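Encoded as structure tokens, here's the structure I'll be asking about.
The values are calculated or read from the model by the stated rules, or taken from the named source; none is laboratory data. None of the values given here were measured: they were computed from a predicted structure. Neighbour counts are summed over all protein chains in view; Cβ atoms, including those assigned to glycine, are modelled from backbone coordinates with ideal geometry. Areas reflect the complete protein model, heavy atoms only, side chains present, ligands, DNA and RNA absent. Shrake-Rupley method; radii C 1.70, N 1.55, O 1.52, S 1.80 Å.
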Amino acid sequence: MSAPNWLEIKSRAQSFAKEWQGEPSERAESQTFWNQFFEIFGIQRRRVAAFEAQVKKLNNNQGRIDCFWPGTLLIEHKSQGEDLDAAYIQAVDYFANLKDEEIPRFIIVSDFATFRLYDLDDNTHHQFKLVELHKNIERFSFILGYKKQSIREQDPVN
């Protein structure tokens, strides 16, 4: 199966946002939410990421990462209206006991209504509402294996 083009991906993102608008409960629906999120890109989540990956947190207590793609992505999901700053801190707390090659470049924290995507290599983050997902969908191009390239002007030959 070939990956969908960006026009199809944006269309799928709009449909996804309409379907999930107003969903409040993390416990009841977060796994279905993320399975369908990966389907926007034509990817079966279970091929790349696992739910409820067990790991010790910074304080040595046992924790469960909501969705984990080792080396690429960690997702921490909350119920609607919960503190996304706290969710980010919780996500980073998992790093203490991950192997170096498992530490992800990207973190997503979400409460259904809001997405926050962190790029730890670039030290940036972007926040947007679910209804704006289609306008921000290319920020998730790493899911399809795309990598950012920095192009800089070369020094002149001397």
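Specify whether the C-alpha gyration tensor of the range 60-146 places it in the rounded, prolate or oblate class, a ≥ b ≥ c being the square roots of the eigenvalues: rounded for a/c under 1.5, otherwise prolate if a/b is larger than b/c and oblate if not.
Because a/c hits 1.5 or more and a/b fails to exceed b/c, the range 60-146 counts as oblate.
Right, here's the next one. Solvent-accessible area per residue for the range 1-84 at a 1.4 Å probe radius, Å²?
58
Okay, moving on. Tell me the carbon and sulfur percent of the accessible area for the chain, rounded to whole percent, probe radius 1.4 Å.
Here it works out to 43 percent.
Excluding ligands and nucleic acids, what accessible area in Å² is computed for TYR94 using a 1.4 Å probe, to the nearest 10?
That residue has around 0 Å² of solvent-accessible surface.
Now for a separate question. Give the share of C-alpha pairs in each 10 angstrom bin for the range 46-108, from 0 to the last occupied bin, in whole percents, shortest bins first.
Result, from short to long distances: 23, 58, 18, 0 percent.
So for the chain, Kirkwood radius off the Cα pairs, Stokes-Einstein at 10 °C and 1.306 mPa s: how many µm² s⁻¹?
Diffusion coefficient, whole number: 96 µm²/s.
What residues have an amide H closer than 5 Å to that of LEU73, excluding those fewer than 5 places away on the same chain, when H is modeled at 1.01 Å from N in the peptide plane?
ARG105, PHE106
For PHE142 and ARG27, compute 0.36 nm times the residue count separating them, minus their Cα-Cα distance, and round to one decimal in nm.
Additional length available on full extension: 38.7 nm.
Next question. Once the convex hull of the C-alpha atoms of the range 1-94 is built, how many Å³ does it hold per residue, rounded to a whole number?
Roughly 113 Å³ of hull volume per residue.
Using +1 on the beta carbon of Lys and Arg, -1 on that of Asp and Glu, and nothing else charged, what's the dipole of the range 1-117 about the Cα centre, debye to 20?
Value, rounded to 20: 300 debye.
Separate question: List, in the order given, every pair from LYS18/LYS56; LYS78/LYS99; LYS10/LYS99; LYS99/LYS147; LYS57/LYS135 whose Cα-Cα distance in the structure shown is over 30 Å.
Listed pairs above 30 Å: LYS18/LYS56; LYS10/LYS99; LYS57/LYS135.
What does the extension gain come out to for LYS99 and ASN123, with contour length at 0.36 nm per residue minus their alpha carbon separation?
6.6 nm
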